[in-house]
Amino acid sequence: MFKSSPRRWALCALLFALPLTVTFVVRAAVTDPASSNPAPAPSTPDLPPAAYTANIHITGPTTQFHDSVALRYNYAFGKESPFLPSNAMTVNGQFINPRNVLTAEYCGHCHQEAYHQWRQSVHSNSFRQPWYLKNVNMLIAEKGVQYSRHCEGCHNPIALFSGDLSQGMPKKRPFEDEGITCSVCHAIQSTDTTGTGSYVMGIPAVLVDEKGAPVTRPVSDSEILAHLDRHKQAVMRPLYKTAEFCAACHKAAITRSLDDYKFQRAFTVYDEWQGASFTKQSPLPFYRKDTVSTCQTCHMPRQPLSANAQDAGAKDGTLVSHRWLGGNSLNASYYKFDEQSQKLVDFLKNGPDGKGVLNVDIFALEKESATPNDEAPSTTQIAPLGLTSFSLAPNETLIADVVIQNKGIAHSYVPEQRDFYESWVDFTVRDSTGKLIAESGFIQPDGNLDPSAHSFTNRLVNVKGELNDLHQIWHNRVQAYNNTIQSGRSQLVRYRFRLPKTISGAVTITAAIKYRRFDQHFIDYAMDQPAGKHFPQPVLEVASDSRTLNIGDNSPQPQDSTKRSLGAEANPEWMRWNNYGIALLDALQYEAAVHAFQHVADLRPDYADAYTNMAIVEISWERYNDAKPHLAKALSLLPGDPRALYYRALVERNAGQVEEAITALQAMLAKYPLAKDGLRELGFSYYQAHDYPKARAEYEKLQAIDPDDLAAHYQLAILYRRLGEKQKASIESAKFADQKDDPTASTYALEFLRKHPEVASESVVWHTHDLTGDPIKQPTKIEYHYIPGAG
């Protein structure tokens, strides 16, 4: 197999120890930071964009309720920002009387099925879940109730807007049993993609008057039925069908106002979606989709009404789902929502289209051969399994290469708070009687996961170099590593095991992706479990693959490779090699990745992306000249392909051909105007060409899509200053200073990894889970091999 130099291993470890880059209200500084069929653009929100809420001030005569709250309210972050650290705001800047907000039960007397589904969803239980309350109450006890506004902007907005999150207010929160109630989503007037609650809440109402103003008095059913058009105007907007609507809460940051440190990115589900193939807003993903999928496509599909179900909002016997199926398996289990549980399990295994969300492929075996002088053993690869002849003998040492593809999710796996959500690979080796020979990813007797298991998690570390094991995000300083799989990409997990000396017959190796909502340590804490007791959670199997290996000769079995992964169709041979190449690329194994993509080209010589993929590897390897023929071949097969043009532009610019790069990027953006990478690179190309107005225009377009793009902050700080707009330059400079990496924070990650060798290897993208029990061999000498042109 292919080897990595020690320098690349060290570089990999350093990269994964770097801190989070991560919005918001920052004060102006005075220094430069430097001293295919694309989808249409998102629809414009109904009101001016909320970038936002800091520009919304109290308007109109204030209500008696607002005045009463304002006298007692703790304006901890300034009167101009009453709801920080959340970015949510009311349309008139005033507090909202919770008594004027209609309950979900009221809506449910006409929308029975929507209410029934909502009640079982995580949205309706977003505030009352005991594990959530335990965590937010820890924040309140440590810092004060005003800091919980960061959370409640998306977990209990009515409590936020009522002014209840302040000292001296009642501890029983308004709408604590409803969380995100109907009147929240259906009163939102605008959002932007900043996140952490970046929405503007209108005045909740179920009817508007002739002038379009919300009717705040009690409204009878007969009045609604007589004016259904005005009812729809009050509770529905085109915005609600867009991913940008969801982005307000499904993107979040830890800001200086919460952690007293700096901006840190918490999660970016919207950004992940925006750059994925599902949106058709970028040509860069490794696979291409025929249709556009939004958040609502998967999580709010229109479905036939079940028997005896009724809902006034149904159309032609169908209703948009209000279940919001996703990963919260514990919510349904804890509240005994059996119907929701069943649908959720099916969703996680099979996906919204029935084709599965993950694909697991035990792609290859590597057979070790002994070498003299205690050198690292050499390996011979057998790939792809199922299509290749090989033989095995007792006592042989093998490495299984498991490729896990995120094929059916438009965002990462695992998304959002992956520091305490838990998904992992359970890898087993069993003999012909079913006896276990080796396993990685088992559950220990105390309920905790095998600490050396490969899990799709991150590790959040505080200033003491210790794990934030109870989701104390306000203490975050850095991620020690992040093992998520982005949409459309693959990850390679390697397992080393040894066949017993007396083995005969066959062995079966299995790799299964398991999932449970929380790690055992957190849920035991959250549910106040006494010593020795552990709170039970459902453990789901999302996808798996098994291979039976004969001791002796193994013949190709093509039929064996077509029905492997549970809940999903197996991939054809060219795609198996392609996913392997993607995984090798992300593991920084560039030479092996090129070989894998060459196999794809051999199997599908008409497939332009095979050649573009080889070019991507060469560019990552800084072998720009070697990328040129691959890109030329791709463009000969698919003339004008925006994906190949983008990478050709990078090669051209590296060679000093800035004008040629600009032309290629312009052609790419003509078809994909919302491609953030294209806007970023075109802006920088204009900057290199000293065309500052055009560079500024591209970065401003980029900020309209992602207000927190770090490169945009940096470049605009320079560009605005050079164009004489010093105030704008100062604002961008301040944002960049707040959001850039803290260069000292990586020391905390390294300290954590030093204390925890059982997980340290997970911070290195190329590693092997050794199940043999062999002692770790220290190299007797370190050799450096120079590869010409490899950087």
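The values are calculated or read from the model by the stated rules, or taken from the named source; none is laboratory data. None of these values were measured; they are calculated from a predicted model. Every residue, glycine as well, gets a Cβ built from its backbone with ideal geometry; the counts of neighbours run over all protein chains shown. These area figures cover heavy atoms from the full protein model, side chains too; ligands, DNA and RNA do not enter into them. Shrake-Rupley method; radii C 1.70, N 1.55, O 1.52, S 1.80 Å.
Answer yes if at least one residue in region 659-675 is open to solvent by 10 Å² or more (accessible area, probe 1.4 Å), of a type outside the set (S, T, N, Q) and closer than 29 Å to VAL765 by Cα, and no otherwise. Within region 659-675, none of the residues are open to solvent by 10 Å² or more (accessible area, probe 1.4 Å), of a type outside the set (S, T, N, Q) and closer than 29 Å to VAL765 by Cα. The residue that is farthest from VAL542 (Cα to Cα), counting only those in region 415-434 that are in contact with a strand residue (DSSP E or B) (Cβ under 7 Å, 6 or more places away or on another chain), crowded, with 20+ Cβ neighbours inside 10 Å and at pLDDT below 95, is ASP419.
Screening region 391-406 for residues that are open to solvent by 30 Å² or more (accessible area, probe 1.4 Å) and touching a Lys or Arg at 6+ places or on another chain (Cβ under 8 Å) and picking the one that is farthest from GLU466 (Cα to Cα) gives PRO394. Checked against (1) touching a Gly at 6+ places or on another chain (Cβ under 8 Å); (2) buried (at least 24 other Cβ atoms within 10 Å of the Cβ); (3) over 30 Å from VAL345 (Cβ atoms); (4) of a type outside the set (Asp, Glu), ASN156 passes all but condition (3).
In region 585-594, the count of residues that are hydroxyl-bearing (Ser, Thr, Tyr), part of a helix (DSSP H, G or I), touching a helix residue (DSSP H, G or I) at 6+ places or on another chain (Cβ under 7 Å) and open to solvent by 10 Å² or more (accessible area, probe 1.4 Å) is one or more. Of the residues making up region 180-192, those that are at pLDDT 95 or above, buried (at least 20 other Cβ atoms within 10 Å of the Cβ) and assigned to a loop (DSSP other than H, G, I, E, B) are ILE180, THR181, ALA187.
This table checks each residue for (1) over 30 Å from HIS111 (Cα atoms); (2) open to solvent by less than 20 Å² (accessible area, probe 1.4 Å).
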{"site": "MET201", "(1), (2)": "no, yes"}
{"site": "PRO204", "(1), (2)": "no, yes"}
{"site": "ALA213", "(1), (2)": "no, no"}
{"site": "ARG217", "(1), (2)": "no, no"}
{"site": "ASP221", "(1), (2)": "no, no"}
{"site": "MET236", "(1), (2)": "no, no"}
{"site": "PHE245", "(1), (2)": "no, no"}
{"site": "ALA266", "(1), (2)": "yes, no"}
{"site": "SER277", "(1), (2)": "yes, yes"}
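Of the residues contained in region 126-144, none is found to be closer than 30 Å to LEU702 by Cα and within 24 Å of the chain's Cα centre (by Cα).
ARG119 - would you say it is within 24 Å of the chain's Cα centre (by Cα) and either within 25 Å of PRO304 (Cα to Cα) or at pLDDT 95 or above (or both)?
Judged against the criteria, ARG119 is not a match.
State whether the residues of region 489-502 include one that is at pLDDT 95 or above, open to solvent by less than 40 Å² (accessible area, probe 1.4 Å) and under 28 Å from THR294 (Cβ atoms). Yes: one or more hits. If you go through region 511-537, how many residues are open to solvent by 20 Å² or more (accessible area, probe 1.4 Å) and in contact with a strand residue (DSSP E or B) (Cβ under 7 Å, 6 or more places away or on another chain)? So the answer is 3. Number of residues in region 538-565 that are buried (at least 19 other Cβ atoms within 10 Å of the Cβ) and at pLDDT 95 or above: the value is 8. The single condition from (1) crowded, with 17+ Cβ neighbours inside 10 Å; (2) in contact with a Lys or Arg (Cβ under 6 Å, 6 or more places away or on another chain); (3) at pLDDT below 95 that ARG459 fails is (2). In region 693-712, the count of residues that are more than 31 Å from the chain's Cα centre (by Cα) and part of a helix (DSSP H, G or I) is one or more. For PHE77, the stated conditions hold: it is surrounded by fewer than 23 Cβ atoms within 10 Å (Cβ to Cβ), within 32 Å of the chain's Cα centre (by Cα) and of a type outside the set (Gly, Ala, Ser).
Checking each residue in region 472-486 for being outside any strand (DSSP E or B) and open to solvent by less than 20 Å² (accessible area, probe 1.4 Å) picks out TRP474, ASN476, ASN483. Among the residues here, PHE175 qualifies as outside any strand (DSSP E or B) and closer than 16 Å to ASN100 by Cα. The set of residues in region 240-281 that are under 21 Å from MET575 (Cα atoms) and among the polar types (S, T, N, Q) contains only SER277. Among residues of region 713-755 being touching a strand residue (DSSP E or B) at 6+ places or on another chain (Cβ under 8 Å) and in a loop (DSSP other than H, G, I, E, B), the one that is surrounded by the most Cβ atoms within 10 Å (Cβ to Cβ) is ALA745.
Reported count of residues in region 617-656, each being outside any helix (DSSP H, G or I), in contact with a helix residue (DSSP H, G or I) (Cβ under 6 Å, 6 or more places away or on another chain) and surrounded by fewer than 20 Cβ atoms within 10 Å (Cβ to Cβ), is 1.
Each residue in region 113-131 was checked for being in a loop (DSSP other than H, G, I, E, B) and open to solvent by less than 40 Å² (accessible area, probe 1.4 Å), and 7 of them qualify.
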